[in-house]
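Okay, structure first, notes after.
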Amino acid sequence: MKKINNSTLADEGKPDFQEIASFLSSSLTKVPAKEIQRLKDSIFWVQYPGGDLVVQEGSLSSSLYIVYSGLVKIGKYSKKRKKRVLRFLGPQEWFGLEVLFLPEQRTNIQFARAVLDSELISIETSAFHDFITKYPHALYDLCMWFAREVAMLEFKLTRETSDGSLQNFAVLLLGLNEKYGEEVESGSEINLKLPRNTLSDLMGVSAETLRRLINQLKSSETISTKDNKITILNEEKLHELAGIQDFYLTIMGETL
């Protein structure tokens, strides 16, 4: 982990502190960038190649994180060490906030791993705790983030126990498209090269089940695939399969 330093980072083409402060201010909309300057000595900028572990579940926690660029997956292990991916985080999304609000929880309750080459901002928890005590309006955006997370987790739990794999896969694709979709001539391309094992981890299904679901949607001309990228050819048909309300789809785009 490398502390932000205006001169060295600028020389290396990395964001200087003013850029970091502006980025954080866009995530904490109630906090002007000039106030974030007060956290300068407690903010770190760090890079992780795709596949690298960011945070180990059960390790001592002293920082919270926000994704600056790239993609990070968050998950947990069962008692039998079976891994379950809970969600993906893209730019401006937080993790590790539990220790901020639950001081008795001194360890990370989830693991975090970079899916793609990623850049993260780390903020020392104790310093940020003092900061929000002095500037409580920063809590507004964090509370909104928690509310969306709770709504989305409840939705996922309900869907995963009551609906079939094809419906859940359609929901996942719509959520990814809401967040990463780009219009192309044939439809909407999900602009992420996600390995299929990452998609199967997120859904909690086997690689074979995922292959079958992809082929099923390809045969119905709902999607096409190329180089680990998925293009949605018929979004209306995907919506029919998913049966998802726009409210939850919007939240998926924010918290997937």
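Given charges of +1 on the Cβ of Lys and Arg and -1 on the Cβ of Asp and Glu, with all other atoms neutral, how large is the dipole of the range 2-137 about its Cα centre, in debye to the nearest 20? If you can, show how the numbers build up before the last one.
Values: 19 positive and 15 negative charges, 174 e Å.
It works out to roughly 840 debye.
Could you tell me what fraction of 2.2 N^0.38 Å the Cα radius of gyration of the range 163-255 comes to, as a two-decimal ratio? Let's see the in-between values first.
Working: Rg = 12.0 Å, N = 93, 2.2 N^0.38 = 12.3 Å.
In units of the globular-protein estimate, the range 163-255 measures up at 0.98.
Rounded to the nearest 10 degrees, what's the angle between the helix 17-27 long axis and the longest principal axis of the chain, both from Cα atoms, 0 to 90?
Around 50 degrees separate the two axes.
Each residue of the range 203-214 in turn: what ³J(HN,Hα) in whole Hz from Karplus with 6.51, -1.76, 1.60 and θ = phi - 60°, glycine and Pro shown as x?
After applying 6.51 cos²θ - 1.76 cosθ + 1.60, I find 7, x, 10, 6, 4, 5, 4, 5, 4, 5, 5, 4 Hz.
Can you count the Lys pairs in the range 2-137 whose Cα atoms are under 17 Å apart, with each pair 8 or more apart or on different chains?
So the count works out to 10.
Hey, what do the phi angles of the range 62-71 turn into as Karplus ³J(HN,Hα) couplings, whole Hz, using 6.51/-1.76/1.60 and θ = phi - 60°, x for Gly and Pro?
Each residue of the range 62-71 in turn: 9, 9, 10, 10, 9, 6, 8, 7, x, 8 Hz.
Please work out, to two decimal places, the log10 of the ratio I(q)/I(0) at q = 0.20 Å⁻¹ from a Debye calculation in which every Cα of the range 2-137 carries one identical scatterer.
-1.26
Run the numbers on the chain and let me know its relative contact order in percent, using alpha-carbon pairs under 8 Å that are six or more apart. Don't skip to the answer; put the middle values down first.
Numbers: 413 pairs, mean separation 47.9, N = 256.
Once normalised by length, the contact order is 19 percent.
Are there GluC sites (Glu not before Pro) in the range 181-227 that DSSP puts in a loop and that have at most 13 other Cβ atoms within 10 Å, and which ones?
Values: sites: 182, 183, 185, 189, 208, 221; in loops: 185, 221.
The qualifying sites are 185, 221.
List the residues whose amide H sits under 5 Å from the amide H of residue 118, counting only those 5 or more places along or on another chain, with H placed 1.01 Å from N in the peptide plane.
48, 50
State the answer as a single residue: which of 92, 247, 216 lies farthest towards the positive end of the charge dipole of the chain, with beta carbon charges of +1 for Lys and Arg and -1 for Asp and Glu, about the Cα centre.
Value: 216.
Within 10 Å, count the other beta carbons around each residue, average over each peptide in 15-23, 56-64, and list them highest first.
Descending packing order for the listed peptides: 15-23, 56-64.
For residue 181, what is the net charge nearby, where nearby means another residue's Cβ is under 13 Å from its Cβ and Lys, Arg count +1, Asp, Glu -1?
So the surrounding residues net to -3.
Quick note: the coordinates plus some simple rules give every number you see, no bench work behind them. Note that the coordinates shown come from a computational prediction; the quantities given were computed from them, not determined experimentally. Virtual Cβ from ideal backbone geometry, glycine too; neighbours counted across all protein chains shown.
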